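The block underneath contains the structure these notes are about, expressed in structure tokens.
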Amino acid sequence: MLKNYLTIAWRILLRQRVFSLINILGLATGMAACLLIVQYMSFELSYDNFHANGKNIYRLEHQRYEDGALTENMPLTYSAAGPVLKSAFPGVVRQTRLATGAGMVSALQPGGGLLAFNEPNIYYTEGSFLHMFSFPMIKGTASALDRPNAVVITESAAKKYFPGQDPVGKTLTIQEQVSGTDITAMVTGVCRDVPANSHLQFNFLVSQDMQQGDWVYPEYYTYVQLAPGTNAKAFEAKLALYINKNIAGLSKNNSSSNTQGKSNLAGLTFALQPLRDIHLYSNLPQELTPGVSGRLVWFLGIIALLILSIAYINYLNLSTAKVIERAKEVGIRKVLGSQRVQLIKQFLLESLILNVISLIAAVGITLLCMPWFSKLCGVDMQFTIWKNYWFAPSFAALLLQGVLVSALYPALVLSACRPVQILKGRFLNSGKNFTLRKALVIFQFTTTVAFMAGALIVYRQVSYMQTDNRGMDMRQTVVVVAPKNIRATDDEGAAYAHKDTVFQQEVVRNAGVEGIALSSSIPGENIGYIMRYTSHPQGDEPKSERLATMEINSGFIRQFKMKMVAGDTLDNNAWNRKYAAMLLNEAAVTALGFKSPQDAVGKLIETKNGRGRVFENEVVGVMKNFHQSSLKEPFVPLVFRQYDPNSVSNYEIKVNTGNMQQTIAGIEKTYKTVFPQSAFEYFFLDDFFNRQYNAEQHFGQVFTLFAGFAIIVACMGLFGLTLITINQRTKEIGIRKVLGATVPNILLLIAKDFLVLIVIADVIALPFVYWGGHQWLQGYAFRTTLSWWLFAIPLLAVILIALLTVSRQAIKAALTNPVKSLRME
């Protein structure tokens, strides 16, 4: 019996080649889209899951409240926090701290040469780091960082600095003038390259003697490992009580900083962030690595199900439409003695064969698309979900569900009919089938329109963030990283200042260079230079705030075309005044309590050093707000001071577009001549700034891709339904032509029913899209508007695509000789 079922099923597939191909391609496309999304979701959800103790590791989230309002929330906290919690709570098995850094890393080579590169991913940590986290060691053990000034490097770094050598026992020098870093560390271990699905991304782990730390400035990422079975929420409650009870004692020892003075610990508390939630559910300032929105990841899962649903709706639509054509076959089978259960088995087996073929094709499509899709998502991933324990049962269940949903309804409808009615041509359920098909087509195109409009909204927002006036002109700006070599003595500092002047003078002589500016930070970069400033607004209490600080030269404002709203700019005599000059931006004016920019000009702002000495600075001007960080965030309060050559991190060089490579080559030659012991590194500022939008760009690309999948699958179904409709109305079309109907008349006859359904789908979809788009845009401080054309384009596009899909077959039917149509039986 099974052999008979298989034979008939295969014959049906071959006899209905076009519809079988449409169904297979439609299902395969939907399944491939689903597999790609599930692979992406699996990758994003796997972040930090490889750590053996991962489920018990938490990061301290630093929070501070003033008058009950949350005023500070960040992943950095005080260096003393971890040791204090470790000693106060037996449930804390381990604690570890790390600070990020960048600098010039160099290593002596066997021939006596020096190999040096600027490295961005350096972590300064302590011995417990490798005991807490499970980064596999190739050489050395988890104890490799137990002594200070040891360094563990990744496999790639080992090949880069010690090609063909055993790096263990060799030394690396790490220098960074701005932070004062000057370390010579011995390589005590080599670990495998950090997996892409880790929020901790490093090339160098440098151990330091952090001792018990202090409560001066929150600058360390702190992780704690709790004992198995510890209730994190209950521990958080104990933590809050402990901090509240001991805050006075902690505050007594928080003034040892050499720059910041005594910190205010009032309102301090900590929250625990599960390690495995950081990538998806933490979007705090100064994250170690950019995360993604967990809500968006799960939203992509909904998209996967919707695309798969559209594919199965196609199958169901075509199956119900073909019911009439197979009605006589079923009637004859029933007359010859077939039982209802046998007919149902036949239909289910046909559906199973078609689904299995589609799944095989889908896996092939997925494997072919995986490298391209990985690049589109901006993550390094392979098709590995088949290795997961849940993959086989989940997709077997999905396949079975698809078979039942897509085949059971037509099977039950046909098998329930009386054979006499079928053979006499009175198939009474066709009207109900047609109503069902209408509803399914509306659902398909409602989803498709929503996808298209959603993709447009995402594209519009990303484009807005990349092209909106940021308050500064970044175009044609090449950033050259300043030398990171330590200048430990006054003589070395003076020698570097002379070289700095020479470099600037030589660079501007390059015909392709239009100007040069200097700064301690660049737009799009987290500013690490943060100081506490105290203002005395007239008639108000003193206001103290920690504000990000940039050191700039006098040409910075002019070159970037920034606007002053009050006062003057900085000049070369900014330090040679009774009170050192500074600039504020408008956001800093508000943060320090001044009524207006004009009110701030001329006022004195206090800073303190670690010994409590007060320095007064005069506000000489106020700069218009510009976007130092992403447009996702509000304007950052900024303070600007005149640069010191020894604190410069970057040279921002304005170049013209002609002979770009030649200009950059000239800059490199000058750099290597003036700074022969430093590594030359450059990048374009606008590219660097726009990296902040990588997550949105990748999401928009992925969303657009799957919107395209949805359109393709929906159009396949529409194409198949058009063929069936034309086949069922062949005689009607012939009679209409004999009676004088034109080709446009026939085209309108075939298309109007589908177009009405698509217009209904548009009307249903657009309110949902508007609501969803509005909600998504609320996550951005600066956002585009939902213009009418964002909704009109998908509506018109879907109608046009549907017309093109229907028109070809309708025109072909309209051009057929009516005599041939009327002879058909």
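Results for (1) within 20 Å of F688 (Cα to Cα); (2) surrounded by 20 or more Cβ atoms within 10 Å (Cβ to Cβ), shown as yes or no for each residue.
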position: M472; (1), (2): yes, yes
position: R487; (1), (2): no, no
position: D490; (1), (2): no, no
position: D500; (1), (2): no, yes
position: S520; (1), (2): yes, yes
position: Y529; (1), (2): yes, no
position: Y533; (1), (2): no, yes
position: H536; (1), (2): no, no
Checked against (1) without any contact (Cβ under 8 Å) to a residue 24 or more places away in the chain; (2) aliphatic (A, V, I, L, M); (3) open to solvent by less than 10 Å² (accessible area, probe 1.4 Å), A142 satisfies every condition except (3)
Any chance segment 71-88 includes a residue that's under 30 Å from the mean Cα position of the chain (by Cα) and open to solvent by 40 Å² or more (accessible area, probe 1.4 Å)? yes
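Only one of G103, G113, G68 is among the small types (G, A, S), crowded, with 21+ Cβ neighbours inside 10 Å and either touching an Asp or Glu at 6+ places or on another chain (Cβ under 6 Å) or more than 27 Å from F699 (Cα to Cα) (or both). Can you tell me which?
Details: G113 fails: crowded, with 21+ Cβ neighbours inside 10 Å; G68 fails: crowded, with 21+ Cβ neighbours inside 10 Å.
That would be G103, the only listed residue that is among the small types (G, A, S), crowded, with 21+ Cβ neighbours inside 10 Å and either touching an Asp or Glu at 6+ places or on another chain (Cβ under 6 Å) or more than 27 Å from F699 (Cα to Cα) (or both).
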Across segment 286-316, the tally of residues that are out of contact with any Pro (no Cβ under 8 Å at 6 or more places or on another chain) and either within 14 Å of H199 (Cβ to Cβ) or not hydrophobic (A, V, I, L, M, F, W, C) (or both) stands at 12
Taking segment 303-333 and the residues there that are within 17 Å of E350 (Cα to Cα) and either in contact with a strand residue (DSSP E or B) (Cβ under 7 Å, 6 or more places away or on another chain) or polar (S, T, N, Q) (or both), the one that is modelled with the highest pLDDT would be N314
Only one of (1) more than 29 Å from the chain's Cα centre (by Cα); (2) within 30 Å of M137 (Cα to Cα); (3) open to solvent by less than 50 Å² (accessible area, probe 1.4 Å) does not apply to Y220, and that is (1)
Practice task
Looking only at segment 649-670, decide whether some residue is among the hydroxyl-bearing types (S, T, Y), surrounded by fewer than 16 Cβ atoms within 10 Å (Cβ to Cβ) and at pLDDT below 85.
Solution key: yes
Filter result for R691 (within 30 Å of P483 (Cβ to Cβ), assigned to a helix (DSSP H, G or I) and of a type outside the set (V, I, T)):
yes
Here the qualifying pairs (Cβ atoms under 7 Å; residues six or more apart or on different chains; first in segment 430-449 and open to solvent by 60 Å² or more (accessible area, probe 1.4 Å); second at pLDDT 75 or above) come out as K438/L757; F443/I313
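Would you mind stating whether K543 is crowded, with 21+ Cβ neighbours inside 10 Å, farther than 19 Å from S630 by Cα, out of contact with any Phe, Trp or Tyr (no Cβ under 8 Å at 6 or more places or on another chain) and at pLDDT below 90?
Numbers: crowded, with 21+ Cβ neighbours inside 10 Å: no; farther than 19 Å from S630 by Cα: yes; out of contact with any Phe, Trp or Tyr (no Cβ under 8 Å at 6 or more places or on another chain): yes; at pLDDT below 90: yes.
Considered against the rule, which asks whether it is crowded, with 21+ Cβ neighbours inside 10 Å, farther than 19 Å from S630 by Cα, out of contact with any Phe, Trp or Tyr (no Cβ under 8 Å at 6 or more places or on another chain) and at pLDDT below 90, K543 comes out as no.
Tell me, which residue of segment 290-311 that is in contact with a Leu (Cβ under 7 Å, 6 or more places away or on another chain) and more than 12 Å from Q444 (Cα to Cα) is surrounded by the fewest Cβ atoms within 10 Å (Cβ to Cβ)?
Taking segment 290-311 as the starting set, the residues that turn out to be in contact with a Leu (Cβ under 7 Å, 6 or more places away or on another chain) are 291-292, 294, 297, 311.
If we keep only those that are more than 12 Å from Q444 (Cα to Cα) as well, we get 291-292, 294, 297.
Values: G291: 19, V292: 21, G294: 16, V297: 18.
Checked segment 290-311; the qualifying residue surrounded by the fewest Cβ atoms within 10 Å (Cβ to Cβ) is G294.
Assess whether S198 counts as being within 25 Å of S79 (Cα to Cα), open to solvent by less than 20 Å² (accessible area, probe 1.4 Å) and part of a loop (DSSP other than H, G, I, E, B). Steps first, answer last, please.
Values: within 25 Å of S79 (Cα to Cα): yes; open to solvent by less than 20 Å² (accessible area, probe 1.4 Å): yes; part of a loop (DSSP other than H, G, I, E, B): yes.
Answer is yes for this residue.
The values are calculated or read from the model by the stated rules, or taken from the named source; none is laboratory data. A quick note: this is a predicted structure, and the numbers were derived from the prediction, not measured. FYI the Cβ positions are ideal-geometry reconstructions off the backbone, even for glycines, and counts take in every protein chain you see. Side chains are part of the model used for accessible areas, which takes the heavy atoms of the whole protein and leaves out ligands, DNA and RNA. Shrake-Rupley method; radii C 1.70, N 1.55, O 1.52, S 1.80 Å.
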